[in-house]
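Okay, structure first, notes after.
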Amino acid sequence: MSAVPRPVDPAQRAHDTIGRFYDAFARLDGATMQACYAADAQFDDEVFSLRGRDQVGGMWRMLCEATQAKGRADWRLEVRDITAVSAHWEAHYRFSASGRLVLNRIDAAFECDGDGLIRRHRDRFDFWGWSRQALGTPGLLLGWTPWFRNQVRAQAAGNLRKYLAAAPR
């Protein structure tokens, strides 16, 4: 008598994908993180607004590679409260552009497709708090302004364009 395979619950698939995503992030494995996204994925946070698995995955690969190159000893990821639609994570790292230590606390919201791949990912964090840590005095004095946030967003987008041009996947 053969066993009838039980259908996998879509919520369980999503939960498993999000767990796999953060396990890869803890190891700074950007390629595995990218594989957790659907082809039409969308990612938004206080700095990036990205469309498609290539852009989203490229951002994670770029950030992972920068951390491996300049701050692996300081890297630590703590994740809790993973569900099929959300998670809370805290990243301890050295910001590569300034060399400053950062503790960023992030609340993530997810929407996954029927295969459990991430279609929408929204990270929320205190930009001013992050900019004070990562950028020092300029972040303290200007991090609350839309102008400064737009400057950081433009620089990050430019860095990602250069990265993707040199290392597309």
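Quick notes on this structure:
- Here ALA134 does not fit the description of being farther than 13 Å from GLU46 by Cα, touching a strand residue (DSSP E or B) at 6+ places or on another chain (Cβ under 6 Å), of a type in the set (A, V, I, L, M) and at pLDDT 95 or above.
- Restricting attention to the range 77-101, the residues being closer than 18 Å to PHE43 by Cβ and touching a residue at least 60 places away in the same chain (Cβ under 8 Å) number 5.
- The helices (runs of 4 or more DSSP H) found entirely in the range 123-167 that carry 1 or more residues being buried (at least 17 other Cβ atoms within 10 Å of the Cβ) and hydroxyl-bearing (Ser, Thr, Tyr) are 127-135, 146-166.
- All conditions but one from (1) over 27 Å from VAL102 (Cα atoms); (2) touching a strand residue (DSSP E or B) at 6+ places or on another chain (Cβ under 7 Å); (3) in contact (Cβ under 8 Å) with a residue 60 or more places away in the chain apply to HIS15; the one that does not is (2).
- For the range 59-71, taking the residues that are closer than 15 Å to ALA24 by Cβ and of a type outside the set (Ser, Thr, Tyr), the one that is surrounded by the fewest Cβ atoms within 10 Å (Cβ to Cβ) is identified as GLN68.
- The set of residues in the range 1-34 being within 17 Å of ILE82 (Cα to Cα), of a type in the set (D, E, K, R) and either assigned to a helix (DSSP H, G or I) or modelled with pLDDT of 95 or more (or both) consists of ARG13, ASP16, ARG20, ASP23.
- The residues of the range 49-58 that are buried (at least 18 other Cβ atoms within 10 Å of the Cβ), out of contact with any Leu (no Cβ under 6 Å at 6 or more places or on another chain) and not basic (Lys, Arg), listed by number, are LEU50, GLN55, GLY57.
- The one condition from (1) in contact with a strand residue (DSSP E or B) (Cβ under 9 Å, 6 or more places away or on another chain); (2) exposed (fewer than 14 other Cβ atoms within 10 Å of the Cβ); (3) of a type outside the set (D, E, K, R) that ALA84 does not meet is (2).
- Residue within the range 35-48 that is part of a helix (DSSP H, G or I), modelled with pLDDT of 95 or more and either in contact with a Phe, Trp or Tyr (Cβ under 7 Å, 6 or more places away or on another chain) or surrounded by 13 or more Cβ atoms within 10 Å (Cβ to Cβ) (or both) present: yes
- Residue under evaluation ARG120, criteria (1) farther than 23 Å from GLY52 by Cα; (2) within 16 Å of the chain's Cα centre (by Cα); (3) outside any helix (DSSP H, G or I), criterion not met: (1)
The values are calculated or read from the model by the stated rules, or taken from the named source; none is laboratory data. Because the structure is a prediction, the values reported are computed rather than measured. In this analysis, Cβ positions are derived from the backbone assuming ideal geometry, glycine residues included, and neighbour counts consider all displayed protein chains.
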